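I have placed the structure first, in the form of structure tokens, so that the comments after it can refer back to it.
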Amino acid sequence: MKSSHYTLGFILFCFALANGVQAQNGSVIWKTDAYSIHADGVKQHKFAAKAVSPTELTSNYQSPVNESVSSGLIFKFSINGKDNEMKSGVNHYYNFTTGNETPLIRFGELQKEKNTGKEVALKPDSRLKVRLDMRDVLKELKNKGYYTTFSGEKIFKEDFKNVYIAGATAPMVWDFDNLYQRSELQLRDEDGDGIYETTLTFNAKKDQKKTEGTWQLTRDLSAFPQYKSDYVLTDAIYNLSTEEMLNAVEADSTFRTGKEWAGVWTRDISYSIILSMAYLQPKVAMNSLMKKVNANKRIIQDTGTGGAYPASTDRMVWAIAAYEVYKATGDKNWLQQSYTIVKNSIEDDLNVIYDKETHLVRGESSFLDWREQTYPKWMQPADIFESENLGTNAVHFQANVVLAEMATLLNFKDIAKKHKLIAANIKMGINEHLWLKDKGYYAQYLYGRNSKIVSPRAEALGEALCVLYGIADLQKQQSIIANTPVTDYGISCIYPQIPNIPPYHNNAVWPFVQAYWGLASAKTGNVTSVMESMAAIIRPSALFLTNKENFVADNGDFAGTQINSSNMLWSLAGNLAMTHKILFGMDFQADKLVLRPFVPQELKGTRTLSNFKYREAILEITVEGYGNTIKSFTLDGKVVTSPEISQSLKGPHTVKIVLDNMAFTNTKINKRDNDFSPAAPSVTYTNGVLSWNPVEGAVNYSVLKNGKEIEKTAKTTANAVKLGYAEYQVIAADAKGVTSFASEPIVVAEDKATSIFELENSIGKAEYPYKGYSGNGFIETSKTVNPTFDFSVAIGETGWYAVDFHYANGNGPTNTENKCAIRTLKEGITTLGTFVFPQRGVNEWSNWGFSNPVKVYLTAGKHVLTLKLETFNENMNVDINQAMLDYIRIVKLDKK
């Protein structure tokens, strides 16, 4: 455990002794084990940034990522962008010290002839030809029509598309889902001899990361709030962020997500609008939000996992952003317009993603939308749909609160009552299923198949939202901020990190998440957490001279993540929010602006915000002193008892707030080393025995049956009784007690527990040349072919059953686009549940897998069931809502 806090007096005393520096002249504002924030700059090891003036910053920062690129290369190969060559964690190794060509490596066979010499630093622009022998794979495809991977998956000849290399050293990446976007990582067989090749350039000069050495203000900021304080560094960063805000507006008056991210993205603009864009650029905010609404007046889910909605379901953050715009502007037309859109979208969600058993909503983690970055590798998009995530549920809770408040303002009392109840149920579900009493914060998500378990990782954005939206009670709020792990460079998106996954969401800090964490910290009165948050946002802004998208949690560097962007909208929005919403304490409400400043002692002094526009008023606000209790509040020189600005105020006015200069008492935070969990075990079952290879760093293993621990062992085997139906999983734990993800569920069941019903026997089979199905064929369901159909099943015993479909969807890749198929299962007029059929690969129609399971109670006898394309089953593509269905599987569960 690292020291979490240095008092101002101790810092200044030590610093003055060593350097003779006086307060307010380069004095230390905050110091961590990794860097220090000064009144006029930032220091981090050999790097320094300095605020020359409020309109100029200099920095000598250069990313160290290219200073010593090792010759030891770790990699593996991939067919069709899947991790399908060898078991997870089993990789090829090549020490690139001499020559410019690897030995010929056979696909699926570990490279045995290792160059075991000493690794060296690669010279700039070191080129290496990688050679891969695919002849065995191609022979099997020709003779059998398919290739069987190490895991038993069949890749059919028709689905064999491309071969890639993935690895740990740039330009290689471990992001299998996005290998297709990097042409140099594709191996090609130009002469048709079965030998695939590509040439990679390591330590490329063009990739060596540098930032600009100087930032100088070049744009006119006079139309926006002007900030002045006793600290030249914070003034300069405020101006830099305001200028970047102007750079983030496109020609059509919508927000640009980042310098490297063109266009409008639902979650990015929404989180940015909530932070500060609602009141700084309300018209641009409205334009941007409306660009993410379809013709049916529904919110558009961004493209994402398995074809987006409903595998991804965080589009409802739009609702919170829309209401924030109303609170800032008081625009009644906007209120009515956005109310209809929010109501329509939530009504669809109620039918598609709400879990009546847990009262939670299903779907991917909000903004954490790169599958393997935050989920175990075995989870398919259908599994991700079934997961119930903290941050996504916090968004849906608040979206229902917002809809209830909108309905109240518009005098729709019944609608308001309905959605208050829905919000209360989601809140209850979060606290019942995700609160970790032993850790003092919420769990990441529920996950699994027929027996869901908790992932005990912390999820920073979700934790912060639960504090800000009041999902957590006061005691839990304080516990969350005090106990959630934070690292030297800030709060990482998740904690602990996942091994063998490169930084992006994993092992990374995102400034916009840090901003939400800072706001939550201020709400609980935790001054140390507020200062750590402000410092974690100031440091990269000053050193990089821009608001970056993210940076590596291990070292604070921007260059080590999979993708990054400068001038990032939600990062700059968070930066500005720290000034407005913490130091000036702005809280926008439906009929007023409340001001409750939170000023740490380290930032004491006088600060002024002029030309701040609130509805029809123009404010000049001055805050003096420190603390979070107001000693006096005056409006135009007159004492006001409540620290608020009425919505009816018009014209220019002056506000002065004097704080009581009382020291804060709430200072505990959980500063931690940046721990990584063990890897998830890979488990097999043979003749009554579960077995797995030893996991590096693990000291024991928990064996789960139907989600409950039945054994803890140091061995790598366990007995599994074949009685009825059971799902077994194994979790590895290290010496610190840090646990891995659970392994993929292994089903151990009697044959009679599972029934298969071939759909082509009752519905006309589809005439497509696809392979890999069972029985005599498969059926198509689309908007024009079998959008709704009936089928019969015979149930031998009354009880609870898990129902799912064996399906194919080759309409897109597993990680993006918008063609996830959706259907509703009914018996008569009774709705039994929602099935999703996510995309499994571009034109990979012989790639079969299972949908999500739905638990239903069925009586013995014959049942006529209906799979129906309901009006609320529209996906984000609208035109294509299609899947091939092989059979329906019905499994008798031991209990609900």
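Summary table
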item: Count of segment 620-639 residues which are surrounded by fewer than 16 Cβ atoms within 10 Å (Cβ to Cβ) and among the aliphatic types (A, V, I, L, M); result: 1
item: Qualifying residue in segment 653-664 (condition: assigned to a loop (DSSP other than H, G, I, E, B), in contact (Cβ under 8 Å) with a residue 40 or more places away in the chain, more than 30 Å from Lys87 (Cβ to Cβ) and more than 38 Å from the chain's Cα centre (by Cα)); result: yes
item: Test result for Ile537, part of a loop (DSSP other than H, G, I, E, B) and either surrounded by fewer than 23 Cβ atoms within 10 Å (Cβ to Cβ) or of a type in the set (Val, Ile, Thr) (or both); result: no
item: Single unsatisfied condition, Ser642 versus (1) assigned to a loop (DSSP other than H, G, I, E, B); (2) farther than 26 Å from Gln477 by Cα; result: (2)
item: Looking only at segment 701-735, and only at residues there that are touching a strand residue (DSSP E or B) at 6+ places or on another chain (Cβ under 8 Å) and charged (D, E, K, R), the one that is surrounded by the most Cβ atoms within 10 Å (Cβ to Cβ); result: Glu727
item: Test: Tyr768 is touching a residue at least 24 places away in the same chain (Cβ under 8 Å), aromatic (Phe, Trp, Tyr), assigned by TED's automatic domain parsing to the domain that holds Ala860 and in a loop (DSSP other than H, G, I, E, B); result: yes
item: Which numbered condition Gly470 fails, given (1) outside any helix (DSSP H, G or I); (2) more than 20 Å from the chain's Cα centre (by Cα); (3) of a type outside the set (A, V, I, L, M, F, W, C); (4) crowded, with 24+ Cβ neighbours inside 10 Å; result: (4)
item: Residue within segment 653-667 that is in contact with a Leu (Cβ under 8 Å, 6 or more places away or on another chain), over 30 Å from Ala802 (Cβ atoms) and either surrounded by fewer than 20 Cβ atoms within 10 Å (Cβ to Cβ) or among the charged types (D, E, K, R) (or both) present; result: yes
item: Residue among Leu572, Leu519 that alone is among the aliphatic types (A, V, I, L, M), part of a helix (DSSP H, G or I) and over 29 Å from Ala404 (Cβ atoms); result: Leu572
item: Residues of segment 474-518 classified as modelled with pLDDT of 95 or more, among the β-branched types (Val, Ile, Thr) and out of contact with any Pro (no Cβ under 9 Å at 6 or more places or on another chain), total; result: 7
item: Which listed residue is of a type in the set (Val, Ile, Thr), over 30 Å from Val163 (Cα atoms) and touching a helix residue (DSSP H, G or I) at 6+ places or on another chain (Cβ under 8 Å), from Thr234, Thr214, Thr198; result: Thr234
item: Residue list for segment 668-684, filter: closer than 30 Å to Thr629 by Cβ and surrounded by fewer than 17 Cβ atoms within 10 Å (Cβ to Cβ); result: Lys668
item: Extreme residue, nearest to Thr816 (Cα to Cα), among residues of segment 842-872 that are among the hydrophobic types (A, V, I, L, M, F, W, C) and surrounded by fewer than 16 Cβ atoms within 10 Å (Cβ to Cβ); result: Val864
item: Residues of segment 783-802 classified as crowded, with 16+ Cβ neighbours inside 10 Å and part of a loop (DSSP other than H, G, I, E, B), total; result: 2
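The values are calculated or read from the model by the stated rules, or taken from the named source; none is laboratory data. Computed from a predicted structure; not experimentally measured. Every residue, glycine among them, receives a Cβ derived from its backbone with ideal geometry; neighbour counts consider all protein chains shown.
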